[in-house]
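The values are calculated or read from the model by the stated rules, or taken from the named source; none is laboratory data. The shown structure was predicted, so the numbers you read here are calculated from the model rather than taken from an experiment. Using ideal geometry, Cβ is built from the backbone for each residue, glycine included, and neighbour counts are taken over all protein chains shown. Side chains included, ligands, DNA and RNA excluded: accessible areas come from the protein's heavy atoms. Shrake-Rupley method; radii C 1.70, N 1.55, O 1.52, S 1.80 Å.
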Amino acid sequence: GTKIAAGIVDADGRLLHHIRQPTPRSADRDDVWAAARHTIDEALAAGGPVDGVGISSAGPIHLPDGTVSPVNIGAWRGFPIVQRVAAAVPGVPVRLAGDGLCMALGEQWRGAGQGAAFMLGMVVSTGIGGGLVLDGAPYSGRTGNAGHVGHVVVELDGPPCSCGGRGCVEAIASGPHLVSWARSQGWSGDDAKALATAAAVGNPLALNVFRRGARAVAAMIASVAAVCDLDLVVIGGGVANAGPVLFDPLREALSDYKGLDFLSALQVVPAELGGEAGLIGAAALLR
């Protein structure tokens, strides 16, 4: 939604070259594609040729057609990304997955989830997204949208969500919604980063906001872990960068929700790869 990136990743999962640029604000779909094509060409010039291309995209995506419809890129509805990339980089396999799944795969390959067989990788930022690794393999589901954990309902009569539902964890614990709720309680700061800074120095209101968001995330994690029999959750994203301000109340709340014996060993850890996870995970689609 805000940036387009391309990189060259070697067989050991090391990011060798990295090109990034802002997503054009143009409403024309071909202008956005031109920016994407530019990053591809720049990456290939820096480190090509390549054995294959992995694509990490915001969703929804549709794997059977190789198309994407990112919510934050209005010009791309049913955009044939696989076809376009295959034409730009001919003669090699092209694989597509959602950005949450690619983040999970990147962390499993080179980050905090190395060796994990049953894990959820998730991002808590402007939105909340995720991807599942089950029995050591990426699980994309019927259309490619499995792991869309931001829309697990954690509050039955909760606030409306951008997806059209209500009570989703994203509508409670994403960065903008944390800020919105804080302001409704009298906070006058600018954004989630300022809110995290306030919480880190002990501001009672800011700490309460993070506790509320952390409980919502914990309830979601417990639900997904019970359904998928997970043993690890790796969390990245801007809000997760708040560190103990988020993770301490999250782990405390999780102990209230993971009552089943088979969830007793469930671990929640911070991501390690930052912004590189999606590129490394996209490459991991070719493994």
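Assorted remarks:
- Residue check, A192 out of contact with any Lys or Arg (no Cβ under 9 Å at 6 or more places or on another chain), surrounded by 24 or more Cβ atoms within 10 Å (Cβ to Cβ) and modelled with pLDDT under 95: yes
- Check on V82, β-branched (V, I, T) and open to solvent by 10 Å² or more (accessible area, probe 1.4 Å): yes
- Where a residue in the range 85-107 is farther than 28 Å from G236 by Cβ and its partner, wherever it lies, is open to solvent by 10 Å² or more (accessible area, probe 1.4 Å) and in a loop (DSSP other than H, G, I, E, B), with Cβ under 6 Å and at least six apart: V92/G52
- Scan of the range 239-287 for residues that are open to solvent by less than 70 Å² (accessible area, probe 1.4 Å) and assigned to a strand (DSSP E or B), ordered by number: V268, V269, P270
- Residues located in the range 225-255, provided they are over 16 Å from V269 (Cα atoms) and of a type outside the set (D, E, K, R): A226, V227, C228
- Of everything in the range 1-21 that is in contact with a Lys or Arg (Cβ under 6 Å, 6 or more places away or on another chain), on the phi < 0 side of the Ramachandran plot and not aliphatic (A, V, I, L, M), the residue that is surrounded by the most Cβ atoms within 10 Å (Cβ to Cβ) is R20.
- Residue among A214, A219 that alone is buried (at least 20 other Cβ atoms within 10 Å of the Cβ), in contact with a helix residue (DSSP H, G or I) (Cβ under 9 Å, 6 or more places away or on another chain) and closer than 19 Å to G202 by Cβ: A214
- Residue among G130, G150 that alone is outside any loop (DSSP other than H, G, I, E, B), in contact with a Leu (Cβ under 7 Å, 6 or more places away or on another chain), within 27 Å of L195 (Cα to Cα) and not hydrophobic (A, V, I, L, M, F, W, C): G130
- Complete set of residues in the range 42-66 that are under 23 Å from D10 (Cβ atoms), out of contact with any Pro (no Cβ under 9 Å at 6 or more places or on another chain) and open to solvent by 70 Å² or more (accessible area, probe 1.4 Å): E42, A45, P49
- Test for V209: is it more than 14 Å from V268 (Cβ to Cβ) and either open to solvent by less than 10 Å² (accessible area, probe 1.4 Å) or under 20 Å from the mean Cα position of the chain (by Cα) (or both): yes
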